[in-house]
Amino acid sequence: MNGAMEPAGGEPEEVEGEGSGETGALRPSRRGLLGLLGAGVAGLAVGGAGGAAIAASAAGGQTAAGRSSVVPFHGEHQAGIVTPAQDRLHFAAFNMVSGSSRDDLIQLLRDWSEAAERLTQGRPLGTGLEPGDALLPPDDTGEAEGLQAGNLTLTFGLGRSLFTGSGEGGSEDPYGIRSQLPAAFEPLPSFAFDLLEPAQSGGDLCVQACADDPQVAVHAIRNLARIAVGRTHLAWSQLGFGRTASTSRRQDTPRNLFGFKDGTMNVMSDETEALAEHVWVGDEAPAWLRGGSYIVTRKILMTIEAWDRASLAEQERTFGRTKLAGAPLTGGGEFDHPDFAAERDGAPVIDMAAHVRLAHPDQNGGTRILRRGYNYVDGSNELGQLGAGLFFISFQRDPAAFVRLQRSLKHDLLGEYIRHISSGLWAVPGGVRRGEFVGQRLFD
């Protein structure tokens, strides 16, 4: 999954898996252009209150060389899972248009795969910014022109509703794939601290765009949404900045908006056996999902103002870690194992309801996940309170692993300072081979 660096000052280097030759222009159909006037365009604004700030920072902090790295789109697994976590996110959920067919879904995934290959190479779509006929819209929206690939990864997921229908009087097998529904693909239950907003939850499809440059990630989702018009529309999206998780010990563990390091015991990209056990789907699933995973997203609103008034002692008791070093309260370094049996003055050093205790694999039968979360800020309300928090992302072999962990957090001290306002679960098909499209084996 390592990216190929481009030669200094040149175009992104050709990498294994790149398609041969120029592809055709990816324009919305006539039906799509009509659909553009309805649902879909407005969805681009959802979750984007922080968009101006993120876009404005696109030019800062990244050298041209730093933006030119290419992550191959093709491979055994989809990119954007064990890929070293980039600093920026644009996550989007889509719903299929009412009346869309199996052929519409297949062609959409073909078009998205073709576009994703070019976007992750830092190449413009179709004829780029200048169509042969100036009376036509450009094939590429153009805001990423000159920014190069930026380590962009695009990870695609399929929602359970594609297999079962919406449950609102429509077909129970709208795309002829219900027989391919994995047994483990069950809806997430309700959890403690859930105040979910339906308009920001779920979706028939999802796309996770991660990049080193925020404008590269936004450009990718914008163009995929544009290509999809008439077949699916953007239901909701979320911008993220400042990754809150590491996928490798070579990356520093970042901090969340509470100022703490978290998730240090989660699966890392170099743990081959742990990935096979906890992240990659195996022979228990239909062939189309093998080598894939399940992605869970949770938008977690932090009550920043209440947290900022809490004492350091209370904050550290809540997490079970020191704030500065990120080490367990029982001592050692950030990655040292907490001593959950340690006591001081007859009481546990790490509170029985501390986050590090309740979330630790030792307390959950060895359950582990791979995390790729991001901070977000969606502006503030009329009271001056920040709409900010964590956009949590995890990959796991079985959604039941996430359910177990989340249920363990029912009594988490963090519950006083957080609310879960968005939730989603999608199956992530295995990697895309050259000449294939995302999820192709589902339809073969």
Yes/no for T83 being at pLDDT 95 or above, in contact with a strand residue (DSSP E or B) (Cβ under 9 Å, 6 or more places away or on another chain) and part of a loop (DSSP other than H, G, I, E, B): yes
Residue in the stretch 189-206 that is aromatic (F, W, Y) and under 20 Å from the mean Cα position of the chain (by Cα) present: no
Residue that is farthest from L390 (Cα to Cα), among those in the stretch 235-268 that are of a type in the set (S, T, Y) and touching a strand residue (DSSP E or B) at 6+ places or on another chain (Cβ under 8 Å): T247
Residues (touching a residue at least 12 places away in the same chain (Cβ under 8 Å), in a loop (DSSP other than H, G, I, E, B) and among the acidic types (D, E)) located in the stretch 316-348: E334
Residue within the stretch 377-389 that is under 14 Å from the mean Cα position of the chain (by Cα) and buried (at least 22 other Cβ atoms within 10 Å of the Cβ) present: no
First in the stretch 90-104 and under 20 Å from S422 (Cα atoms), second anywhere and among the aromatic types (F, W, Y) and surrounded by fewer than 13 Cβ atoms within 10 Å (Cβ to Cβ), Cβ under 6 Å, 6 or more apart: none
Residues located in the stretch 144-180, provided they are more than 21 Å from G80 (Cβ to Cβ), part of a loop (DSSP other than H, G, I, E, B) and among the charged types (D, E, K, R): E145, E168, E172, D173
Residue within the stretch 405-428 that is assigned to a helix (DSSP H, G or I), surrounded by 21 or more Cβ atoms within 10 Å (Cβ to Cβ), among the polar types (S, T, N, Q) and under 26 Å from the mean Cα position of the chain (by Cα) present: yes
Residue within the stretch 279-294 that is over 24 Å from H74 (Cα atoms) and surrounded by 21 or more Cβ atoms within 10 Å (Cβ to Cβ) present: no
Enumeration of residues in the stretch 140-155 that are closer than 24 Å to C206 by Cα and either surrounded by fewer than 24 Cβ atoms within 10 Å (Cβ to Cβ) or without any contact (Cβ under 8 Å) to a residue 12 or more places away in the chain (or both): T141, G142, E143
Some residue of the stretch 296-308 being assigned to a loop (DSSP other than H, G, I, E, B) and hydrophobic (A, V, I, L, M, F, W, C): no
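A quick yes/no check of all residues on (1) in contact (Cβ under 8 Å) with a residue 60 or more places away in the chain; (2) farther than 27 Å from I418 by Cα; (3) among the acidic types (D, E):
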{"position": "S269", "(1), (2), (3)": "yes, yes, no"}
{"position": "L275", "(1), (2), (3)": "yes, yes, no"}
{"position": "V279", "(1), (2), (3)": "yes, no, no"}
{"position": "D283", "(1), (2), (3)": "no, yes, yes"}
{"position": "W288", "(1), (2), (3)": "yes, yes, no"}
{"position": "V296", "(1), (2), (3)": "yes, no, no"}
{"position": "I300", "(1), (2), (3)": "yes, no, no"}
{"position": "E305", "(1), (2), (3)": "yes, no, yes"}
{"position": "E314", "(1), (2), (3)": "no, no, yes"}
Where a residue in the stretch 384-398 is closer than 17 Å to T244 by Cβ and its partner, wherever it lies, is among the acidic types (D, E) and outside any strand (DSSP E or B), with Cβ under 8 Å and at least six apart: L386/E305
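The values are calculated or read from the model by the stated rules, or taken from the named source; none is laboratory data. Model, not experiment: these values are computed from the prediction. Glycine also receives a Cβ, built like all others from the backbone with ideal geometry; neighbour counts cover every protein chain displayed.
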